[in-house]
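Novice: My questions will all concern the structure given below.
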């Protein structure tokens, strides 16, 4: 990393995205000194993850606020049907069967290659960062001196991480200049350098052996991990990352459902389809409002409604909005004052219920695990962590734990990704989500192997066909940069000048055969061998390289080393 003069990070979020960077000399003097994008004309360091692609389906027109405004204009002119507009599309990668040719459906029901949409978005952010950084440094840094970091949710599987890596490559980022960082880990690294009181930083307050839970509450997801401080001051993951789609947009969804209940679902759908600009503006207003909805205050909550919503209600229901509100099931709790919707605080608080309940229940479940019973603190990061509703709910649910919410909770992931680029060894251990192994013909054991897999080899030895020879077990702690297992594999007489190593992965801890349910082939390599005959040896080592596994095969006789490409997208 010493030759990288600049670390550039892209936080490609489900709801909002941005970039940030810092120079090595800046990091050396103050790790929290990070330059982040300022969206032109907006008081925001993050823009909406919205992308408008030209009718050719290959080139980008605009991203962020500009994409939303341009598409709204196209709708108004009724010229939008040939364009591709995607918003909040990142979560399509979660809990989906991903392949390289996976398609994404846009807001108009048209489909494009998912990788094209992601690659164009990443390229916009990459090029935008480079333009700003280059203006500041006047060509003092070359592209090859930049190390790029891309954030991904911790709850994503390996296929989704690989998909993002390949999309970044298509966007023009060389793979050897790219690191993938898990969002809560990035936030944790950044927060360790922030002051928690006038005398110390979080890093200094977390002594060796201390355990803390990272609650990363973002736009779409809530990611939860548990870390422990090592004697060297770095951190290791104690419990595999988990979570769900309970972020801030779940509150937005509840607000939208409330509007549909107040009026009618057809009203909300038409308002979205024909007045997209006003719909997006309403959500932005609600975004500001929901951060200030307070569980301890009984004051009414006001939100200004666009004029187009009033006209849509009138067009579809033949009534004015006030009349609809006054005759709704919310008539005693909600009223209209001019163009402002006035809500009883109980109504506004209810928008948070599903999100908060799911988050609290999951954190309780994580903390009850044996390995997490030493947790002393909860570190809350992500934009939704700034919500007073979520803050109080966490405090009430876990009164025995200290809660830390940094001032820059919403930017902790973005800026932490930059810190990670400068100190990639800050995370020393992670928990494997998968069991990895090699297929082999093991000697048959009737107490362990199914009779259906039994066969007799040419030497008259009973063997188990397609045996899953485990190297790494799901839930195992993996030390970054170290070989997790080393095993020898011997050629048999049927092997001539080559030997095939095939790698499998599964979320099960106890696979027997590689064709058990849930097992999938993730790598295969045919190794050229010296000589012929049985008994030649190949040494297989599985090495954890941060967020991915490297399978290294060494032919003992020659010392030749091969590496198997692990592919979760095939």
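Values quoted throughout were computed directly from the atomic coordinates according to the rules given, and no laboratory measurement underlies them. Note that the coordinates shown come from a computational prediction; the quantities given were computed from them, not determined experimentally. Cβ atoms come from the backbone with ideal geometry, glycine included; neighbour counts cover every protein chain shown.
Novice: If I ask for residues that are touching a residue at least 60 places away in the same chain (Cβ under 8 Å) and surrounded by fewer than 17 Cβ atoms within 10 Å (Cβ to Cβ), which ones from region 348-371 would you list?
Specialist: Result: 350, 353, 354, 358, 369, 371.
Novice: Further question: Within the group 37, 70, which residue is closer than 26 Å to residue 381 by Cα and in contact with a strand residue (DSSP E or B) (Cβ under 9 Å, 6 or more places away or on another chain)?
Specialist: On inspection, the qualifying residue turns out to be 37.
Yes/no matrix, rows are residues, columns are (1) surrounded by fewer than 24 Cβ atoms within 10 Å (Cβ to Cβ); (2) without any contact (Cβ under 8 Å) to a residue 12 or more places away in the chain; (3) out of contact with any helix residue (DSSP H, G or I) (no Cβ under 9 Å at 6 or more places or on another chain):
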site: 218; (1), (2), (3): no, no, no
site: 222; (1), (2), (3): no, no, no
site: 228; (1), (2), (3): yes, no, yes
site: 234; (1), (2), (3): yes, no, no
site: 238; (1), (2), (3): yes, no, no
site: 253; (1), (2), (3): yes, yes, no
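Novice: Within region 98-114, is even one residue assigned to a helix (DSSP H, G or I), free of Cβ contacts under 8 Å to residues at least 40 places away in the same chain and surrounded by fewer than 19 Cβ atoms within 10 Å (Cβ to Cβ)?
Specialist: No, every residue in region 98-114 fails to be assigned to a helix (DSSP H, G or I), free of Cβ contacts under 8 Å to residues at least 40 places away in the same chain and surrounded by fewer than 19 Cβ atoms within 10 Å (Cβ to Cβ).
Novice: A follow-up question, please. Mind checking whether some residue in region 463-473 is surrounded by fewer than 16 Cβ atoms within 10 Å (Cβ to Cβ) and within 26 Å of residue 569 (Cβ to Cβ)?
Specialist: So far as region 463-473 goes, no, none of its residues is surrounded by fewer than 16 Cβ atoms within 10 Å (Cβ to Cβ) and within 26 Å of residue 569 (Cβ to Cβ).
Novice: So residue 452 passes all but one of these: (1) over 26 Å from residue 527 (Cβ atoms); (2) surrounded by 12 or more Cβ atoms within 10 Å (Cβ to Cβ). Which condition number does it fail?
Specialist: Condition not satisfied by residue 452: (2).
Novice: Just checking, does region 483-492 include any residue being crowded, with 16+ Cβ neighbours inside 10 Å, in contact with a strand residue (DSSP E or B) (Cβ under 7 Å, 6 or more places away or on another chain) and closer than 30 Å to residue 155 by Cβ?
Specialist: For region 483-492, residues crowded, with 16+ Cβ neighbours inside 10 Å, in contact with a strand residue (DSSP E or B) (Cβ under 7 Å, 6 or more places away or on another chain) and closer than 30 Å to residue 155 by Cβ: present.
Novice: Looking at region 49-71, which of its residues are within 15 Å of residue 278 (Cα to Cα) and out of contact with any helix residue (DSSP H, G or I) (no Cβ under 6 Å at 6 or more places or on another chain)?
Specialist: Residues satisfying the conditions are 65, 66, 67, 69, 70, 71.
Residue-wise test of (1) under 27 Å from the mean Cα position of the chain (by Cα); (2) on the phi > 0 side of the Ramachandran plot; (3) surrounded by fewer than 17 Cβ atoms within 10 Å (Cβ to Cβ).
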| site | (1), (2), (3) |
| --- | --- |
| 261 | no, no, yes |
| 265 | no, no, yes |
| 271 | no, no, no |
| 275 | no, no, no |
| 279 | yes, no, no |
| 282 | yes, no, no |
| 287 | yes, no, no |
| 290 | yes, no, no |
| 302 | no, no, yes |
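Novice: Do you know which residues across region 213-227 are part of a strand (DSSP E or B) and under 11 Å from the mean Cα position of the chain (by Cα)?
Specialist: Result: 216, 222, 223.
Novice: Additional query: Only residues that are part of a helix (DSSP H, G or I) and in contact with a strand residue (DSSP E or B) (Cβ under 7 Å, 6 or more places away or on another chain): list them for region 264-322, please.
Specialist: 285, 286, 289, 321, 322
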